[in-house]
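Have a look at the structure below, then the notes.
The values are calculated or read from the model by the stated rules, or taken from the named source; none is laboratory data. Note that this is a predicted model, so its numbers are computed, not measured. Cβ coordinates were reconstructed from backbone atoms using ideal geometry, including for glycine residues, and neighbour counts include every protein chain displayed.
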Amino acid sequence: MCFHFFKNKNDLGNYNVSCALFIMDFIAIGLGLFLLIKGGDWLMEASVSLSLQLNIPKIIIGMTVVSFATSAPELIVSIKAALMGHPDLAMGNVVGSNVANLAFVLGIVILISPIYVTKNFYKLDWPMMYVASLIFYFFVVQDGILSRFEGVILLILLFGFLIFLLFFQGKAVLEEGAIQTATTSFKMIGFLLFTGGCSLWLGSEVLIKSAVSLAQNLGVSERVISISIISVGTSIPELTASVIAIINKEKALSLGNLIGSNIFNILAVMGITSVIQPIVVQDQNLLNVDFIWMLSISLLILPLVFVFTKFKLGRYEGLILLGLYTLFILQMIS
């Protein structure tokens, strides 16, 4: 709050300047997030339309195309942050976003409408997400660095997962939903891809610079800003896509989008970022606290599927997840 008692006019002037900078940082962060969200939205619309033009099944679209498109803000922000010399912001963005996807976004989604979980969830989707999370943690905890070589391994795992989905899992998911007909022209798809890419680039520039400035003005680490503000903002595309899927009664696509997004955040976002610029962890709380929360909440999702009602994530589970996310944020900022 911008209220204080001052002994002289110089104190008042300095405080007014600091308060104005503080407000401007928040406005800039909001603008950056808006550009990222719109860019991700345009990119997702173009990607889904292109996939429908190619007659790809909806479930595969959810686990691949939509997940990658909704992870685009995390990808651009992490790459720009790493290149601009802010590694904790780059990695904190992904770790915080994965926690937000499963605790915040999924919690809200299943409060709106319960999701019945298919066997594919615990036979493929969840195991792949958790294995990717463990490998990510193992790579970083050894020496506090995600190297180029480790990034290449993550990308190889990503391509292997995509190949399995497209060529071996495709027949199994064809029956889960009919293929929609594309209505967007290739010309419009190209325009959306270009506009979305430009918006993502500009949004990442504004967001990173304003987030670093806000952290400096508040006297907190870049990790805190990246996990408490940026990660939630970059998770809004996942929330939007999942809620729309629920409204359209495409619940399988909704859950697939969130699980797929976490897989893409680790394998694609961290893989590509570390290949371009190795990421060195500066704040040890990322390893000692944030990673543990990410692994714990990711692990918790599996038993929650069976606790109250088997193969169903409902309102009780939603309240648990939102409660855990609240604790996660409170322990970080306290």
Look through region 264-301, keep the residues that are out of contact with any Leu (no Cβ under 8 Å at 6 or more places or on another chain) and buried (at least 21 other Cβ atoms within 10 Å of the Cβ), and return whichever of them is farthest from Ala241 (Cα to Cα). Leu286
Count of region 251-282 residues which are closer than 24 Å to Phe104 by Cα, of a type outside the set (S, T, N, Q) and out of contact with any strand residue (DSSP E or B) (no Cβ under 7 Å at 6 or more places or on another chain): 12
Could you tell me whether any residue of region 102-115 is in contact with a strand residue (DSSP E or B) (Cβ under 8 Å, 6 or more places away or on another chain), in contact (Cβ under 8 Å) with a residue 24 or more places away in the chain and farther than 28 Å from Ile225 by Cα? yes
Select from region 128-159 the residues that are of a type outside the set (A, V, I, L, M, F, W, C) and under 18 Å from Gly256 (Cβ atoms) and write down the one among them that is nearest to the chain's Cα centre (by Cα). Ser133
Could you please tell me which pairs satisfy a Cβ distance under 7 Å, a separation of 6+ or placement on different chains, a first residue in region 138-166 that is under 28 Å from Phe121 (Cα atoms), and a second residue that is of a type in the set (Phe, Trp, Tyr)? Glu150/Phe139
Within region 96-150, which residues are more than 14 Å from Leu304 (Cβ to Cβ) and hydroxyl-bearing (Ser, Thr, Tyr)? Ser97, Ser113, Thr118, Ser133, Tyr137, Ser147
I'd like the full set of residues that are hydroxyl-bearing (Ser, Thr, Tyr) and outside any helix (DSSP H, G or I), limited to region 301-328. Thr309
Hey, which of the helices (runs of 4 or more DSSP H) in region 23-111, taking only ones fully inside, have at least 1 residues that are modelled with pLDDT of 80 or more and surrounded by 24 or more Cβ atoms within 10 Å (Cβ to Cβ)? 72-83, 87-99
Tell me which residues, restricted to region 304-326, are under 11 Å from Leu111 (Cα atoms) and touching a strand residue (DSSP E or B) at 6+ places or on another chain (Cβ under 7 Å). Leu313
For region 280-296, what are the residues that are assigned to a helix (DSSP H, G or I) and in contact with an Asp or Glu (Cβ under 8 Å, 6 or more places away or on another chain)? Leu286
If we keep just the residues of region 303-334 that are exposed (fewer than 13 other Cβ atoms within 10 Å of the Cβ) and small (Gly, Ala, Ser), which is nearest to Lys123 (Cα to Cα)? Gly323
